[in-house]
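Readers should treat all values here as calculations from the given coordinates under stated rules, not as data from a laboratory. Here the structure is a predicted model, which is why all the values come from computation and not from measurement. Every residue, glycine as well, gets a Cβ built from its backbone with ideal geometry; the counts of neighbours run over all protein chains shown.
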């Protein structure tokens, strides 16, 4: 892959319907899938009150909070400037608080896939 740059200030948001909740997520795809590693990078906006269903990924991923507060299944919330790392295979839920949207920089270390878990306590 060759060097490139993007101006995220002028990029349009893509709407994506969450398969788990049916809600609209907003995304800016910075790197869809590196041809060598499968790595991807996106800016994602979770609408206030959004939390996805229990799931896992066959990749590690990290979230850097840009705006709002990210809430996770362990009962913690993270604000702007905080970084949260999820190891490959970790079963999780995450999203925005009830009070405000949450904007994150989302980074994977290899090809992304979402696998929904069989937990009943959504």
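Summary of values
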{"item": "Estimated distance in nm for a label pair at residue 33 and residue 17, the labels positioned 7 Å out from Cα along Cα-to-Cβ", "result": "2.2"}
{"item": "Relative contact order of region 6-49, defined on C-alpha pairs under 8 angstrom at six or more residues apart (%)", "result": "29"}
{"item": "Estimated distance in nm for a label pair at residue 99 and residue 24, the labels positioned 7 Å out from Cα along Cα-to-Cβ", "result": "2.6"}
{"item": "Correct choice for P(r) over Cα pairs in 10 Å bins from 0, in percent that was computed from the model, options [x] 15, 46, 26, 11, 2; [y] 13, 45, 35, 7, 0; [z] 14, 50, 32, 4, 0", "result": "[y]"}
{"item": "Order of 17, 43 under a 10 Å beta carbon neighbour criterion, fewest first", "result": "17, 43"}
{"item": "Full-stretch length increase - residue 53, residue 84 - with 0.36 nm per residue and alpha-carbon distance subtracted", "result": "9.4 nm"}
{"item": "Distance in nm between pseudo-label sites at residue 91 and residue 73 (7 Å out along the Cβ direction from Cα)", "result": "0.6"}
{"item": "Relative contact order of the chain, defined on C-alpha pairs under 8 angstrom at six or more residues apart (%)", "result": "29"}
